[in-house]
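Below is one structure, written out as structure tokens; comments come after it.
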Amino acid sequence: TGDAVALALVRELGPTITAIVIAGRNASGMASELGSMIVTEQVDAMRALGTDPIRKLVTPRVVATIFVLPLLVAVADFVGLIGGFVIAHFTLRLGAVQFWTRAIDALDPGDIVQGMVKPLIFAFVIATIGCHQGLRVKGGTQGVGRATTSAVVLSSVLVIVLDAFLSRILLYAFHP
């Protein structure tokens, strides 16, 4: 039980589910905020003043997402392992030493690297899609709503597709 919980959480569930949640929260926020700036012509004003909107608006969002998503994945993995232990303790009567020894022994450094590389890529994709959808808004407030929905759907689907490819590549790299 400890083996399965640790491997499933660290390799797959932690990075993917956390990225999907963040895609729903952050991609929509980025798209709606930047979209409303487009609609109210704030981005055009930045360009008129000689400021690059990509540098001032997009780069900080991408960097922040890349920095924070791996931290959130680490928290999700930790909480998931504790939840797995609680369930295993009360349903299977597993002791703490038995569960944690098996969980820690099941993980090798490649699993942890795999669990921390995925969020970096997912974060870049989520932030880039959210910003791209926000900056290409047309049609007023209705366009902002469409861009927000589109950002969430695209980033969520792309996270799932990328997870499939990254899992294959990283499993091959660390477990030939």
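The values are calculated or read from the model by the stated rules, or taken from the named source; none is laboratory data. Quick caveat: nothing in here was measured; it's all calculated off a predicted structure. FYI the Cβ positions are ideal-geometry reconstructions off the backbone, even for glycines, and counts take in every protein chain you see. All accessible areas refer to the heavy atoms of the entire protein, side chains included, with ligands and DNA or RNA removed. Shrake-Rupley method; radii C 1.70, N 1.55, O 1.52, S 1.80 Å.
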Could you sort the peptides 51-57, 131-137 by per-residue average Cβ neighbour count (10 Å cutoff), highest mean leading? 131-137, 51-57
Could you check how much of the accessible area of the range 71-146 is carbon and sulfur, as a whole percent, using a 1.4 Å probe? 73
Would you work out the Kirkwood radius for the chain? I mean one over the mean of 1/r across all pairs of different Cα atoms, in Å. 17.6
Calculate, in nm to one decimal, what Asp105 and Ala4 gain on full extension: separation in residues at 0.36 nm each, minus their alpha carbon distance. 35.2 nm
Residues in the range 134-161 that a label on Leu171 would reach, taking backbone N under 19 Å of a point 7 Å out along Cα→Cβ: 159-161
Measuring with a 1.4 Å probe in the full set of protein chains, what accessible area per residue, in whole Å², belongs to the range 28-86? 55
What full-extension length gain, to one decimal in nm, is calculated for Ile17 and Val97 as 0.36 nm per residue of separation minus the Cα-Cα distance? 26.0 nm
Rg/Rh of the range 71-150 (Cα atoms, Kirkwood Rh), to two decimals, equals 1.26
With a cut-off of 8 Å between alpha carbons and a minimum separation of six or more residues, what is the relative contact order of the chain in percent? 44
Grab the Cα-Cα distance for His89 and Arg25, subtract it from 0.36 nm times how many residues apart they are, and report the gain in nm with one decimal. 19.7 nm
